[in-house]
Amino acid sequence: MVRIRELQTPVGKEQLATLASGDLVNLSGVLYTARDAAHQRLVARLEAGEPLPFALENQALFYVGPSPTPPGKIIGSCGPTTSSRMDPYTPLLLEQGLKIMIGKGPRSQEVVQAIQRHQAAYLVATGGAAALLAQCVKKAELIAYPDLGPEAIYRLEVEKMPLIVAIDPDGRNLFARGAKEEAPLEQEGME
Amino acid sequence: MGNRTGSSPVLGTIKKDTLQKYRWYPAVFCFLVLDHGGMGLRKLNVDLVTATVAQLCVEACRELSADVRALLEQARNEEESAFGCFILDQVLENLEVAAREQLPICQDTGICVVFLEIGQDLHLTGGDLEAAVNAGVRRGYQEGYLRKSVLSPLTRINTFDNTPAVIHTRMVPGDRLKITVAPKGAGSENMSRLKMLKPADGIEGVKRFVLETVAAAGGCACPPVIVGVGIGGTMEKAALLAKTALIRPAGTASSDPTVAELEKELLALINQTGIGPQGLGGKVTALAVQIETYPTHIAALPVAVNLQCHVARHRSAIL
């Protein structure tokens, strides 16, 4: 049966080890936003041997490009973007100590293996539930690449963000389960 | 003027009886100009188009129309999987929060697709129509705090105002202008596909292609999706039919009984895949399948599948 867990970031090893694929999680703590363009720059810096604008050790990344912040609000709508576009960059970031990724949709096999190798986890937020997720954000601070607009890196402080553990540190993958359920379709057959 | 032989620099040398014969023509010409260019045609200043497009952009991004909302509520009632219910509860609650907080439903407020149906008896005044539409998009995305996601495809440099819109224009009878604004997010657009099938592939081939596309999209297109399908015409016509199918009121069946039957069958097959909300398993993968068809060539069977995430935004106004 489905469990609901409280999870705090930055995350410790022991806490991570208890996460299981399929757990419902209320996540509180610090998240860094990063999507396509920010990933490209982070990886370019690593490859050039330069330091990152923030330390990745034990941190969590949220794949999001928020809508602009209206006056009087902390942040605009901020739901997850499709994670698979970040797959090519992810193994390198996991090597740097990244522990939690939040996005939507499945990951590549390479990423699943890297998650297992580095004892990390991939959580999914509900795509499109962006105004709701914005209510969980208590503080937002721009820390890098303002020229990227919605793709700039922000440091967020969140409270009780509703998520599902999709890939756990043991490499158990909720999406792989979904794929198996697709099998009957082909037999059902269109021929 | 009829009394003298014309020998002016303008008219040259014209015989007197010729001038006499055609003496009513200037008056008739003036009448026609006044009647059809001025008094008879309904006039519409494009400034009103700008204001309307701006308003439609903001409304579409903040509030789903009742048709889509009803399908989502129905989906929540039908869904049985724990993850599916968890997700659909959030989707429905998000609609309330977006309306209350005046925030966009989804942070991806899309590239703006605008359909214009222009009555052929309407006279648009005050400037360039497409420029007016883009001015409306610019204003709406700025004033509504909507995300600017449009950029040059190769340099990837953002235009910073979400223009240009993708504008589809059609001439129709009448003297009105119907504007439909449909902001389209990339998550579901990226998973859309087009294929030139062989006539031998037939209806079974069409069904197979639609199902393959939905299965390949999995959780990436933000299911539950609405599946827009265009069948027939040419390559670009099929794509446009699929997009047009998505702006039909959600969940309405095709007026063609054969097509309506196909829509029903495909919806049932898609919901048997078990992909479910956000691809995490469940009964509801699609909210609706909407198909538009058009005659095609004897050697052709183009099929386009345009996937639409559950934030199915479209808003219309008639001016």
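The values are calculated or read from the model by the stated rules, or taken from the named source; none is laboratory data. Just so you know, these numbers come straight off a predicted model, no measurement behind them. Backbone-built Cβ (ideal geometry, glycine too); neighbour counts: all protein chains shown. Areas reflect the complete protein model, heavy atoms only, side chains present, ligands, DNA and RNA absent. Shrake-Rupley method; radii C 1.70, N 1.55, O 1.52, S 1.80 Å.
Side notes on the structure shown:
- Cα-based helix-to-principal-axis angle, B:46-62 vs chain B, degrees rounded to 10: 0
- Cα Rg, Dmax, chain A, angstrom units: 16.7, 58
- Region B:205-226 versus region A:47-65: alpha-carbon centroid distance in Å: 34
- Order by protection proxy (mean Cβ within 10 Å, highest first), peptides A:107-116, A:41-50: A:107-116, A:41-50
- Amide hydrogen proximity for residue B:149: with H placed 1.01 Å from N in the peptide plane, the residues at 5 or more positions away or on another chain lying under 5 Å are B:162.
- For the protein assembly as shown, the equivalent ellipsoid built from the Cα gyration tensor has semi-axes of 51, 28, 20 Å, listed from largest to smallest.
- Spatial offset of region B:183-198 relative to region B:250-308 amounts to 13 Å, using the alpha carbon center of each.
- DSSP-defined beta bridges in chain B - what % are antiparallel, rounded to 5: 60
- Backbone geometry of region B:170-180 corresponds, through the Karplus equation with coefficients 6.51, -1.76 and 1.60 at θ = phi - 60°, to 3J(HN,Hα) couplings of 9, 8, 9, x, x, 10, 10, 10, 9, 10, 10 Hz, x marking Gly and Pro.
- Across peptide B:121-132, the average count of Cβ atoms from other chains found within 10 Å of a residue's Cβ is 0.
- When the trypsin sites (Lys or Arg not before Pro) in region B:104-161 are filtered for DSSP coil states and for at most 15 other beta-carbon atoms within 10 Å of their beta-carbon, the remaining sites are B:156.
- Cut-off under 5 Å, modelled amide H: who pairs with residue A:35 long-range: A:64
- Integer Hz, Karplus 6.51/-1.76/1.60 couplings in order for region B:233-242, x for Gly and Pro: x, 10, 4, 6, 5, 4, 5, 5, 4, 5
- Between A:69, A:90, A:81, the GNM of chain A built on Cα springs shorter than 10 angstrom shows A:69 fluctuating the most.
- Counting, for every residue in B:92-105, the Cβ atoms of other protein chains within 10 Å of its Cβ and taking the mean gives 6.
- Amide H within-cut-off set for residue A:5, under 5 Å, with H built and near neighbours excluded: A:24, A:25, A:26
- Size descriptor for chain B, Kirkwood hydrodynamic radius: 22.2 Å (Cα pairs only, one decimal).
- Annotation for the A:B interface, with buried accessible surface near 3700 Å², both sides summed [1.4 Å probe; non-protein components not counted].
- Cβ neighbours within 10 Å from other chains - mean over B:265-277: 3
- Radius of gyration (Cα atoms) of region B:250-319, expressed as a multiple of 2.2 N^0.38 Å: 1.33.
- Chain A: most fluctuating residue of A:123, A:142, A:156 per GNM, C-alpha cutoff 10 Å: A:142
- Choice from B:170, B:62, B:76 with maximal GNM fluctuation in chain B (Cα, 10 Å cutoff): B:170
- Across region B:303-317, rounded Karplus estimates of 3J(HN,Hα) from the backbone phi angles (6.51 cos²θ - 1.76 cosθ + 1.60, θ = phi - 60°) give 9, 10, 10, 9, 8, 10, 5, 5, 7, 8, 9, 7, 9, 10, 8 Hz, Gly and Pro being marked x.
- Percent of beta bridges antiparallel (DSSP, the protein assembly as shown, rounded to nearest 5): 55
- The calculated FRET efficiency for the pair residue A:45 and residue B:260, based on their C-beta separation and a Förster distance of 51 Å, comes to about 0.35.
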